[in-house]
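Presented below is the structure to which this report refers.
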Amino acid sequence: MRPEHPIVLITGASAGFGEATARLLAAQGCHLILGARRVERVQALAEELARTYGIKTYAGKVDTRDTSSVNAFVAAGAAALGGLHVVVANAGLASGLHKIWEIPDEDMEAMMRTNVEGVVKTIRAALPLVRESGWGHIFFIGSTAGHATYEGGGVYCASKHGVKALAQTLRLELCGEPIRVTSIDPGMAETEFALVRLQDAEKAKNLYKGIEALAGADIAECVRWSLALPEHINIDELIVKCRDQASHTMGKVNRKA
């Protein structure tokens, strides 16, 4: 039932985990539907990967917080490529490091609407098309913050606990259908994540000082591996941390001098 060249939809594909996953799956021969708010970046990426690997690509602007934007993007991408098999619900963010009683509405709403509502809206729009194809795989990109909490991260942790709950629920709801469900939950990873959160390049760089953090390509490999496994195997959840991070939070991190 698995197609030779699956059609994969990736949100948040302009950088980080999304871009790395697009690059690796393109090299595997997957066709790609790439979306992000920074549409120029995903368009350039789609053109590059189509040219390099001879795959079909579609790139479009999508704001996963907006229902009409998500619906239009998913429908246009599936129509352009002729279907949909795999969804990587990657779009997400962290905004600030606020105590719960101090967090501004704009930071709280950005995280909850993107990390939770955006994931629901993406899957809600894409799942009928995956079902229609007769085979599929849904990936959630969660976080170790969905397994623990830390000061200043209350709302972000709540949003990633929400992602974990969504992944576990969808796994139950799709049991018996030929669609696998996987949550990949990274720990410390050096992408644009910290820069977006802290809005300070030096602070973002110092967060990873002295450790060999995960990279986007590491999480992309987790997606590739899970997708490539025999059909009877479902990786429900992958918690992925660099060797220097022993705890789900930064409570136990080995920093080299």
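The numbers here are math on the coordinates, done by the rules we state, and not lab data. Computed from a prediction, not measured in an experiment: that's the story for all the values here. Ideal geometry is used to build each Cβ from the backbone, glycine not excepted, and the neighbour counts take in all protein chains shown.
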Task: Karplus 3J(HN,Hα) series, Hz, for region 199-212 with 6.51 cos²θ - 1.76 cosθ + 1.60 (x for Gly, Pro) - done: 6, 8, 4, 5, 5, 5, 5, 5, 4, 10, 4, x, 10, 9
Open item on the list: Defining a contact as two alpha carbons under 8 Å apart and six or more residues distant in sequence, what relative contact order in percent does region 22-138 show?
Closed with: 25
- [ ] Quick one: among Asp63, Asp200, Asp218, which has the greatest mean-square fluctuation in a GNM of the chain with alpha-carbon springs under 10 angstrom?
- [x] Asp200
Task: Angle between the chain longest axis and helix 39-53 axis [Cα atoms, degrees, rounded to 10] - done: 60
Task: Gaussian network model of the chain, Cα within-10 Å springs - most flexible of Ala91, Ala22, Ala76 - done: Ala76
Open item on the list: Between (i) 61, 48, 26; (ii) 70, 44, 31; (iii) 48, 38, 35, which entry matches Cα extents along the principal axes in Å as derived from the coordinates of this structure?
Closed with: (iii)
Task: Of Cys222, Gly153, His31, farthest towards positive along the dipole that unit charges on Lys, Arg, Asp, Glu beta carbons give region 7-240 - done: His31
TODO: Before anything else, pin down the relative contact order of the chain: Cα pairs under 8 Å, at least 6 apart, normalised by residue count, whole percent.
DONE: 20
TODO: Return the long-range amide H neighbours of Leu238 (sequence gap of 5 or more, or a different chain), with a cut-off of under 5 Å between placed amide H atoms.
DONE: Ser183, Ile184, Asp185
- [ ] Within the set of other residues whose C-beta is less than 10 Å from the C-beta of Ala15, count the net charge using Lys and Arg as +1 and Asp and Glu as -1.
- [x] 0
Open item on the list: How big is the dipole moment of region 1-145 about its Cα centre under a simple scheme where the beta carbon of each Lys and Arg is +1, that of each Asp and Glu is -1, and everything else is neutral? Debye, nearest 20, please.
Closed with: 400
- [ ] Work from the charge dipole of the chain (Cβ charges, +1 for Lys and Arg, -1 for Asp and Glu, about the Cα centre) and give the residue of Asn206, Ala126, Met111 farthest towards its positive end.
- [x] Asn206
Open item on the list: With angles folded into 0 to 90 degrees, how steeply does helix 118-133 sit against the dominant principal axis of the chain? Use alpha carbons for both and round to 10.
Closed with: 20
- [ ] Determine the dipole magnitude for the chain: charges of +1 sit on the beta-carbon of Lys and Arg, -1 on that of Asp and Glu, nothing else is charged, the reference point is the Cα centre, and the result goes in debye to the nearest 20.
- [x] 300
Task: Euclidean distance between Cα centres, region 197-257 to region 80-104, Å - done: 17
- [ ] Select from region 134-213 those GluC sites (Glu not before Pro) which occupy a DSSP coil region and have at most 12 other Cβ atoms within 10 Å, ordered by residue number.
- [x] Glu151
Open item on the list: What whole-number distance in Å separates the alpha-carbon centres of region 48-62 and region 125-162?
Closed with: 25
Task: Gain on full stretching of the segment that runs from Cys175 to His232 - 0.36 nm per residue minus C-alpha separation - done: 19.3 nm
TODO: Select from Arg51, Arg180, Arg38 the residue whose mean-square fluctuation is largest in a Gaussian network model of the chain (Cα-Cα springs shorter than 10 Å).
DONE: Arg51
TODO: With unit charges on the beta carbon (Lys/Arg positive, Asp/Glu negative), name the residue among Asn254, Leu172, Trp101 whose Cα is farthest towards the positive pole of the charge dipole of the chain.
DONE: Asn254
Open item on the list: Taking the Cα centre as origin and putting +1 on Lys and Arg beta-carbons and -1 on Asp and Glu beta-carbons, what dipole magnitude results for region 1-87, to the nearest 20 debye?
Closed with: 40
Open item on the list: Sequence gap at least 6, Cα distance under 8 Å: using those rules, report the relative contact order of region 112-166 to the nearest whole percent.
Closed with: 46
